[in-house]
Structure formats: C-alpha cells, structure tokens
C-alpha cells in the first residue's frame, strides 16, 4: 500500500510539478492574529499565528496556536463545513492552553481563503442557495487524494515547529466533515498519528469502496467517535459498522451516541435548528471535549 | 475560551522540507 501510495504521488507530481522542484521556504507566517475577544480561563499563555502551509496543491492558509513556552504534542484540527473561522480558533486556543500545539487549516484553500462563510450562525441548511455555497468547498477537500496529501503537509508543518515535541504522537480531531478527514489523516500517516477524534462526523460509513470505515486496518491511532442523536437515527448501523471495523483491526474504538445532541452540537457558532432551538449544546459539548482531552492525555503521552 | 494571556507572535519564516521527502519520512516505503 505504501509503495502504491508513493508511486501515485510520484505520478501526481509529474516532472515540473512540486516533487521535481526543490521547494523550500514553504510556510510563511502570513500575518498576526489578534486575540479573538473570547478570552477566559486559560491554563497557560498561548500564542496564535496565522501561517501558510505549502501542499502539493497550493498554499493553505491556517492558524497555529501553541503555549507560549515549551514543547508540546501537536494536534491537527479539521474544521466542519464552515471552515476556519473565529469559533474554530477559540476551540484551538482552549486546547492549546492545556498544553498542545494546534494547527487548524482552512480545508478549502484550493478554492477560497478563510473565512468562507461570513456568518455561520445565520446559515440556513434548508435554503438551497446557502447549501450550494458549500458544494464546491467540500468538493475540493473531498476529492480523491486531497486530504491525504494535506495530511502529510500538515504533519510536516507541525514537525518543523520548535513548539512541537516530535517524540510524542500527534492528535487529530474533526467536526462534521472533519470527522471523515480525521480518519483519512490517521490512515495516511499511521505511524505519526496517535489519536483521532470525530465529533458529529459525516460520511464515516458509506457503501462506497472508499468509505472511511474501511480504512480501519490502516489506522494505528486510538479513535473516539461522538455521534449525534439525529445522525444515529438517520443511519443507525453506522456505529455498529465502525465498531466492527476497528475491532476487526484489533484497534477497538470508543464510540458514543449523544442522545440529547444534534449534528453540530460541539461548535458554538452553529445556526439554530429548524425548531428554533440551538444546535450547540454546551453540556454535551463539554462532555465531548473532556473525552477528547482524556484521549489525548492517554494516547499522546 | 482559552487564550486569556495570549501573546502575538512575531512574523517568521517557517521552512518545510520537500513534500515527497516528508512523505517518505512519515510513511516509509515498505
């Protein structure tokens, strides 16, 4: 598999393309991020820097957030369909304050700079025009091989940072579509990723030959899946197939259905549900977050 | 959320090595 992957990458990066060039100086801090105005109890001071990460497909705008001093395990955060934005930065800052060096990329860099949606809280999933905005964005990162190429670039970025402890495994977490990207990342760089967590992940189990759950044999990371009640209702066998896949791979995953939580419950700037209730569910979001931190503490030691 | 004592990093240049070399490092050919 690894040989095939290298061969494919060689083809993808044919003469004249990235692999043939000696590309260096690839990730340039592009600007200085201001505090996002949501400061609260931080464990340690953190530094937030806007960066650019070169990938085989272009330059990805991203943010790198880490404790101001020391070296720490690296974490890659895959955003949901609304991409890199203030609420994702808040998630990263809070995690960094607990002792992690966090990279949050704009997953849609191939087609647009972040932020890609002006106001996620007013996004209307029932409106076809709103939904159509997401199609080209999600299509770009879900294209075959895109996430895998990005995963290598992002791992390389983290490993190049003095704030990242390279002796410790890297964690990756994702929300909504980011859950699928977590699995692709863990499978693409299996010896570097020690933990993966998916919260209200979308498209984790499909009937397609490239369904993410079929990647379980390639994944060495300890995995956690938090599933929304409405996602579970829509696809009740997904959790079973996930569990079976990881058990068969002799790497049992922890899988929980949050019976009071709707798809998107972990992300504070989610729009309201059709019934007017907020999607964001703070108690369950905090519970999910505690599972994430426990996973990282155990698996990234 | 976190970042209560946030500082701002100076602009810096971060070097990432050749991507294919990184691939070989991260996913050694078998």
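Can you tell me the order of A:96-106, A:44-54, A:254-264 when each peptide is scored by its average per-residue count of other Cβ atoms within 10 angstrom, highest first?
Result, highest mean first: A:96-106, A:44-54, A:254-264.
Extending 7 Å from the Cα toward the beta-carbon at both residue A:167 and residue A:259 defines two label points whose distance is 4.5 nm. Peptides A:156-162, A:192-198 ranked from most to least packed by the mean count of surrounding Cβ atoms within 10 Å: A:192-198, A:156-162. Convex hull volume of the C-alpha atoms in the range A:85-134, normalised per residue: 82 Å³.
For the range A:101-164 versus the range A:64-98, the spacing of their alpha-carbon centroids is 14 Å.
Counting Cβ atoms of other protein chains within 10 Å of each residue's Cβ and taking the mean over peptide A:48-54 gives 3.
Each of residue A:290 and residue A:244 was given a label point 7 Å from its Cα along the Cα-to-Cβ line. The distance between the two points is 3.3 nm. Legend: mean number of C-beta atoms from other chains within 10 angstrom of residue C-beta atoms, peptide A:111-119, equals 0.
Distance between the pseudo-spin-label points of residue A:132 and residue A:233 (7 Å out from Cα toward the beta carbon): 3.0 nm. Is the shape of chain A best called rounded, prolate or oblate, per the rule: a/c under 1.5 gives rounded, else a/b larger than b/c gives prolate, else oblate, with a ≥ b ≥ c the square roots of the Cα gyration tensor eigenvalues? Because its axes are fairly even, with a/c under 1.5, chain A counts as rounded. Across the range A:23-299, C-alpha contacts under 8 Å between residues 6 or more apart give a mean separation that, scaled by the residue count, equals a relative contact order of 14 percent.
Tally the DSSP beta bridges in chain A and give the antiparallel ones as a percent, rounded to 5.
Details: 17 of 41 bridges.
For chain A, the DSSP antiparallel bridge percentage is about 40.
Among A:267-280, A:224-237, sorting by the average number of other beta carbon atoms lying within 10 angstrom of each residue, highest first, gives A:224-237, A:267-280.
Using a 10 Å cut-off on Cβ to Cβ distances, tally the other chain neighbours for every residue of A:87-98 and report the average as a whole number. Average per residue, whole number: 3.
We did not get these values from a lab; they are worked out from the coordinates using the rules stated. Note that the structure is predicted; figures quoted are calculated from it, not measured. Cβ sites come from the backbone with ideal geometry, for glycine too, and all protein chains shown count toward neighbours.
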